[in-house]
Amino acid sequence: MKTHTLLMPLDMHLHLRDGLMLDTVAPLSAYTYSGAIVMPNLVPPVETLEDVKAYKQRIMAAVPNDFFEPYMTLFYKNYDKAFLKSVADHIIAIKLYPAGITTNSEGGVASFNIGEMRETLQTMSDLGIPLCVHGETDGFVMDREAEFMSIYELLATSFPKLKIIMEHITTKAAVEMLDKHENLYATITAHHLILTLDDVVGGMMKPHLFCKPIAKRPEDLDALLTVALEAHPKVMFGSDSAPHPKEKKESCGCAAGVFTAPISLQLLCEIFEQYDKLHNLQAFVSDNAQNIYGICAEFKEVTLEKRPFVVPETYGFVVPMYAGEIIAWAIESVD
Ligand code: DOR
Ligand code: ZN
């Protein structure tokens, strides 16, 4: 049977939530990943040092049997220098959401006024704290990411030493930005390496494939595949696994988010093997991230095997992507 081993897989964009949801989903990521960057869009958001420390403790309590490093983030506000210095050792990055653009982002940035943001962003740059960005405007849904490119350019040129991560990119426009500015990087999800808008709404509407940013056009998918499969050094895997209770997805107002945490490594093996690029998966799923963030992940060795894996219908009260369907690769062992 064909196998493939990955060392220290990292998920550089993960939603773990809190409470019962945290207890349900955190062990699934901790099983196969060495660590993950944990998003701060709780209600209320993670925005103080006490919030960071307490949330990290709740995450560690939810994964008692596995080694798993939750790399913590703060929800972007115009924080002052003294605060940023006090919190720098406890976070890996700060996550910026435009106000109201997605789940629990109401307290995000309402306008990109560089003057008002300067103290925060310059201090982040000086302290080496990367800025992770949900890059969408409030324009027409298919254009939101492309429209945001001018804001990425403004940020990248105003703070040339600030590491800026374009999160969960979905467009050719974002891929093209990577080589334009030295300080721009990107995460890509597994589902955005598979889906186009057609898969979401082209036939029967698929609530479990609905997320923000929404999957785009075939040429966008091709551009994402090109940089992911070659493991472009400025690109890394971030699942954006975003669990919502089943009733919030299968509803007349479907919450945005695709839950992939327990199937993402299997999906990545399937995609990379399909294009004969399995040899580049290690860089995409771990090495690039360690280089970009300057981290050294704890040892974990995950072996996957090429055999049919039937995706469970639910994990607790959450429905995963491809529930009940078959993926070509399965987790064989974790050491
Ligand atoms: O689809 C999404 N779900 N996109 C986001 O940006 C947020 C996430 C969530 O928190 O549910
Ligand atoms: Zn996210």
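The values are calculated or read from the model by the stated rules, or taken from the named source; none is laboratory data. This is a predicted model, so every value here is computed, not measured. So basically every Cβ, Gly included, is an ideal-geometry build from the backbone, and we count neighbours across all protein chains shown.
What the table below lists for this structure:
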read-out: Filter result for the condition that a residue is farther than 28 Å from Asn291 by Cβ, under 20 Å from the mean Cα position of the chain (by Cα) and within 16 Å of ligand 1 (Cβ to nearest atom), over Val133, Val43, Val38; value: Val43
read-out: Residue match in region 257-280 (condition: polar (S, T, N, Q), without any contact (Cβ under 8 Å) to a residue 24 or more places away in the chain and either away from ligand 2 (no atom under 15 Å from the Cβ) or assigned to a helix (DSSP H, G or I) (or both)); value: yes
read-out: Residue in region 289-299 that is more than 19 Å from the chain's Cα centre (by Cα) and in contact (Cβ under 8 Å) with a residue 40 or more places away in the chain present; value: yes
read-out: Positions within region 202-215 being over 22 Å from Met177 (Cα atoms), surrounded by fewer than 21 Cβ atoms within 10 Å (Cβ to Cβ) and either within 16 Å of ligand 1 (Cβ to nearest atom) or modelled with pLDDT under 95 (or both), in sequence order; value: Met205, Lys206, Pro207, Leu209, Phe210
read-out: Qualifying residue in region 236-246 (condition: surrounded by fewer than 21 Cβ atoms within 10 Å (Cβ to Cβ), more than 16 Å from ligand 2 (Cβ to nearest atom), at pLDDT 95 or above and not in a strand (DSSP E or B)); value: yes
read-out: Positions within region 307-327 being surrounded by fewer than 17 Cβ atoms within 10 Å (Cβ to Cβ) and either in contact with a His (Cβ under 6 Å, 6 or more places away or on another chain) or part of a loop (DSSP other than H, G, I, E, B) (or both), in sequence order; value: Arg307, Pro308, Pro312, Glu313, Thr314, Gly316, Phe317, Gly324, Glu325
read-out: Lone qualifier among Ala88, Ala93, Ala82 - being within 16 Å of ligand 2 (Cβ to nearest atom) and of a type in the set (A, V, I, L, M); value: Ala93
read-out: For Ala146: the one exception among (1) farther than 18 Å from Tyr293 by Cα; (2) surrounded by fewer than 18 Cβ atoms within 10 Å (Cβ to Cβ); value: (2)
read-out: Single residue of region 120-143 satisfying the filter (out of contact with any Phe, Trp or Tyr (no Cβ under 6 Å at 6 or more places or on another chain) and not in a loop (DSSP other than H, G, I, E, B)) that is surrounded by the most Cβ atoms within 10 Å (Cβ to Cβ); value: Cys132
read-out: Qualifying residue in region 216-227 (condition: part of a strand (DSSP E or B) and crowded, with 21+ Cβ neighbours inside 10 Å); value: no
read-out: Whichever residue in region 157-191 is over 15 Å from Leu221 (Cβ atoms), of a type in the set (S, T, N, Q) and without any contact (Cβ under 8 Å) to a residue 60 or more places away in the chain and, among such residues, is nearest to ligand 2 (Cβ to nearest atom); value: Asn183
read-out: Criterion: in a loop (DSSP other than H, G, I, E, B) and surrounded by 13 or more Cβ atoms within 10 Å (Cβ to Cβ) - qualifying residue of Gly107, Gly100; value: Gly107
read-out: Candidates Leu96, Leu49, Leu84, filtered to the one that is without any contact (Cβ under 8 Å) to a residue 60 or more places away in the chain, under 27 Å from Leu10 (Cβ atoms), within 16 Å of ligand 1 (Cβ to nearest atom) and out of contact with any Pro (no Cβ under 8 Å at 6 or more places or on another chain); value: Leu96
read-out: Filtered residue count, region 53-73, keeping only those that are under 23 Å from Pro9 (Cα atoms) and either touching a His at 6+ places or on another chain (Cβ under 9 Å) or of a type in the set (S, T, N, Q) (or both); value: 5
read-out: Positions within region 63-78 being buried (at least 21 other Cβ atoms within 10 Å of the Cβ) and more than 21 Å from Gln290 (Cα to Cα), in sequence order; value: Phe75, Tyr76
